[in-house]
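So the structure is just underneath, and the comments pick up after that.
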Amino acid sequence: MMIDLLGAWRGRSGDQVAPTAAASDRQLPPDLLACVDRARVRHSRRDDHEGNPIIKLRAPAFGEFRWLGLEDAADRVAVLWPELAPALCVRAAQLLEATVTDVAMAGVEKRKRRPWVWDW
């Protein structure tokens with residue numbers, strides 16, 4: 001059922017009418033939001049040759065790719081959803097970045113320091 005709704009939104013089914021152009025210029029499509037919601041982040045145990053962490057993102061429609069930053073993610077969104085305005089592509093990339101940040105912060109919170117009492 002969800003796939004039918006998403007397909008109708010993208011114009012693949014004649015059952016439902018797509019939103020007006022004015023509404024689609026201001027909102028992210030529901031299928032893109034679903035992909036962002038299902039995105040999963042994975043950290044590599046090793047760093048790259050420059051010492052940066054290797055972060056991979058896997059999301060429906062995007063596949064798996066290495067997180068290189070906001071600009072790269074916005075370009076990927078623009079390729080997969082060519083009808084989106086550039087500002088909406090950046091917004092979608094910001095949502096992906098928030099997912100990456102949440103996972104990164106959770107990893108930092110797991111590494112708790114030992115109490116200073118034990119360091120003497």
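The values are calculated or read from the model by the stated rules, or taken from the named source; none is laboratory data. These numbers were taken from a predicted model, which means no experiment stands behind them. Using ideal geometry, Cβ is built from the backbone for each residue, glycine included, and neighbour counts are taken over all protein chains shown.
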Legend entry - Of all residues making up region 60-81, the number that are farther than 14 Å from CYS35 by Cα, in a helix (DSSP H, G or I) and not aliphatic (A, V, I, L, M): 3
Inset, instruction - Specify the residue that is surrounded by the most Cβ atoms within 10 Å (Cβ to Cβ); the eligible residues are those in region 71-109 that are touching a residue at least 60 places away in the same chain (Cβ under 8 Å) and within 20 Å of ASP48 (Cβ to Cβ). - result: LEU96
Legend entry - Hits in region 36-52 (condition: part of a loop (DSSP other than H, G, I, E, B) and of a type in the set (A, V, I, L, M, F, W, C)): ALA39
Inset, instruction - Any residue in region 52-70 that's within 11 Å of LEU80 (Cβ to Cβ) and touching a residue at least 12 places away in the same chain (Cβ under 8 Å): show its pairings with residues that are in a loop (DSSP other than H, G, I, E, B) and small (Gly, Ala, Ser) at Cβ separation under 6 Å, as long as the two are six or more apart or on different chains. - result: ALA59/ALA39
Inset, instruction - Answer yes or no as to whether LEU95 is within 16 Å of PRO30 (Cβ to Cβ) and either modelled with pLDDT under 95 or of a type outside the set (Gly, Ala, Ser) (or both). - result: yes
Inset, instruction - Report yes if LEU57 is assigned to a helix (DSSP H, G or I) and under 9 Å from the mean Cα position of the chain (by Cα), otherwise no. - result: no
